[in-house]
């Protein structure tokens, strides 16, 4: 094992789970891949189905966008509590709870008679976002350090789905059977993941054997994040001084103050305030939120609707859109993510993160310039499969595990997972009003906003610092 790998391996619980190797390690990684797929398929397969959802349920494309944005928002909120809860009751038990809730939500989506019921189901499905963070922690606690970067990259590769084939299949299913057929596939994968976790994931020991879960802190932080998300989306749609926008801003401020008050008075807080102020925590969270806000909306929303829209759009079918724009980026990401984990272990997690962000910003700038050139946009989105899906997502996930406080090992991964959902939801919410215009100016404005936000992510990444004596 290299010197850097020895230093960056995440701390393990006091009562350690025996390290796995060989077939047992491979089986564990395979099961975790299926578990996180149960979440990711809900994101990638549904993207090409958004126009059909709007048509089938008789709602606008902006209203249909809530099917994605609420899913990610729910994942952000539930991921915080579920990740930290696993410190007290164990990773395996929480994974089983998550996949069970996913199954219930998927059934509701499958038979939803209107948009309201569909959104409730999507909220329940969003709980499965915790599977990613729990998988990363399980890897750090059960595998040798030399395998951590590469296996983390394998799990992160699932952020792009099954090599993009899932997006294409989602488009085909939508065209031939309607959007509900997507949830049949998700349900089957979720049940497979549930069985795999029950059989393969070690029971282990809770990281915290004293204290109890800070549910009050989780509740107040969740309310703050909900208000913050709707403040941004409402502001971009109705104006920043509109009464509803200001009400959400006030709600966010009050809830954040309540969260700080609760955390100061809790023996085992969700995350101690001094950790939140450290350069090991807040810059990681800010970088993740801004990156997802910027890049995710481009790949999974703006370009999808541009490709399927009438002029100035490209007039593609759902399946063709997925084949041209979603699949190449995902395929490249599948190979790039494990490579990124290996490179980060050798050359530094921060260095690879910043290289990925620079490359992503350059690609987004080019997308703005060539926004209405079908094949140039396709090539640039495919390149984002390497820069964003591979380099950036792998390294921010790794940093979330490696820089988490030793007294709360699931705190930062949980908050970082929430940042993924918040960022994805914010990105769609911010650009949806412009994309929905269906005009050249609307699309270009949305792309410019996304590029500018990603530039801010590069800026915040410069503040990330290792703990004393740690090399990342």
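Just so it is clear, none of the values below were taken in a lab; they were calculated from the coordinates. Predicted, not measured: the structure shown is a model, and the values here were computed from it. Glycine gets a Cβ as well: all are built from the backbone with ideal geometry, and neighbour counts include every protein chain shown.
Observations on the model:
- With Cα atoms, 0 to 90° folded angle of helix 282-291 axis to the chain main axis: 20 degrees
- Residue order, fewest to most beta carbons within 10 Å, for 175, 141: 175, 141
- With neighbour counts taken as other beta-carbon atoms within 10 Å, the residues 110, 462 rank, fewest first, as 462, 110.
- The alpha-carbon atoms of the chain define a convex hull whose volume equals 122 cubic angstrom per residue.
- Neighbour-count ranking [beta-carbon atoms within 10 angstrom, fewest first] of 238, 360: 238, 360
- If you take the alpha carbon atoms of the range 215-265 and fit the smallest convex hull around them, that volume is 46 Å³ per residue.
- Axis angle, to the nearest 10 degrees, between helix 22-44 and the longest C-alpha principal axis of the chain: 30 degrees.
- Angle between the chain longest axis and helix 130-142 axis [Cα atoms, degrees, rounded to 10]: 30 degrees
- Whole-Å distance, taken between Cα centres, linking the range 23-59 and the range 197-270: 25 Å
- The chain, helix-only ellipticity at 222 nm - DSSP H runs n ≥ 4, -39,500 (n - 2.57), divided by all residues, nearest 500: -23500 deg cm²/dmol
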